[in-house]
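Visitor: The structure that follows is given in the form of structure tokens.
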Ligand SMILES: [Zn+2]
Ligand SMILES: [Zn+2]
């Protein structure tokens, strides 16, 4: 089997963490784990470990973002973001279901206890959470930029209004430029 990244280097059999069988590229340090190796290992591994928070100094990985061909069946592999605060993606062959890990990606997953959930990363519910997380992150940085130093105060205010019994009236009051002369807002009538 040839490395899907370096293309000419051959993959060599190694035993990665707790006996999981992997084929490694000695050139780029990427790993190929076949579906059967992964599932055998997962059966042995037992119960899923609870996810861990990211370390303050995360493991350095080299995420190769271009499309790769499966080293076993030569089909283009599917690529999905891992999410959960990580910045890299993983590749899986849609045909033989094997996984490709670029250098240190497996180690980075293991550090977070996500290495026993690799099969779930490629599932629709996981990917829907990843997209929601990306949208949240995008909006949060947009608000941070636009509201600048007022953002924290605004968040506190939103929380306060949200839990207030007169929430509707407060919102009408704030939105109405002349709350004393245009008649009472509908939310004031009980
Ligand atoms: Zn390689
Ligand atoms: Zn394949």
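Visitor: Collect the residues in the range 42-62 that are loosely packed, with under 14 Cβ neighbours inside 10 Å and within 16 Å of ligand 1 (Cβ to nearest atom), keeping them in residue-number order.
Guide: Hit for the range 42-62 is 62, nothing else.
Visitor: Output the residues belonging to the range 86-126 that are more than 16 Å from ligand 2 (Cβ to nearest atom) and part of a loop (DSSP other than H, G, I, E, B).
Guide: 86, 87, 88, 102, 103, 104, 112, 113, 114, 123
Visitor: Out of 39, 32, report the one residue that is away from ligand 1 (no atom under 16 Å from the Cβ), within 16 Å of residue 115 (Cβ to Cβ) and in the same structural domain as residue 95 (by TED's automatic domain parsing).
Guide: After ruling out the rest, the residue left standing is 39.
Visitor: Then there is this: State yes or no: is residue 60 away from ligand 2 (no atom under 16 Å from the Cβ) and not in a loop (DSSP other than H, G, I, E, B)?
Guide: Taking the combined requirement at face value, the residue does not satisfy it.
Visitor: For the list (1) modelled with pLDDT under 95; (2) in contact with a helix residue (DSSP H, G or I) (Cβ under 6 Å, 6 or more places away or on another chain); (3) within 16 Å of ligand 2 (Cβ to nearest atom), I need the number of the one condition that residue 83 fails.
Guide: Of (1) modelled with pLDDT under 95; (2) in contact with a helix residue (DSSP H, G or I) (Cβ under 6 Å, 6 or more places away or on another chain); (3) within 16 Å of ligand 2 (Cβ to nearest atom), only one is false for residue 83: (3).
Visitor: Looking at (1) exposed (fewer than 15 other Cβ atoms within 10 Å of the Cβ); (2) in a helix (DSSP H, G or I); (3) in contact (Cβ under 8 Å) with a residue 12 or more places away in the chain, which is the one condition that is false for residue 65?
Guide: Going through the list (1) exposed (fewer than 15 other Cβ atoms within 10 Å of the Cβ); (2) in a helix (DSSP H, G or I); (3) in contact (Cβ under 8 Å) with a residue 12 or more places away in the chain, residue 65 breaks only (2).
Visitor: Select from the range 75-85 the residues that are part of a loop (DSSP other than H, G, I, E, B) and either within 16 Å of ligand 1 (Cβ to nearest atom) or surrounded by 15 or more Cβ atoms within 10 Å (Cβ to Cβ) (or both) and list them in ascending order.
Guide: 77, 82, 83, 84, listed by residue number.
Visitor: Looking at residue 119, is it in contact with a helix residue (DSSP H, G or I) (Cβ under 6 Å, 6 or more places away or on another chain) and modelled with pLDDT under 95?
Guide: Judged against the criteria, residue 119 is not a match.
Visitor: Right, something else. Select from the range 4-20 the residues that are under 25 Å from the mean Cα position of the chain (by Cα) and within 16 Å of ligand 2 (Cβ to nearest atom) and write down the one among them that is surrounded by the fewest Cβ atoms within 10 Å (Cβ to Cβ).
Guide: Out of the qualifying residues, it is 5.
The values are calculated or read from the model by the stated rules, or taken from the named source; none is laboratory data. A quick note: this is a predicted structure, and the numbers were derived from the prediction, not measured. Using ideal geometry, Cβ is built from the backbone for each residue, glycine included, and neighbour counts are taken over all protein chains shown.
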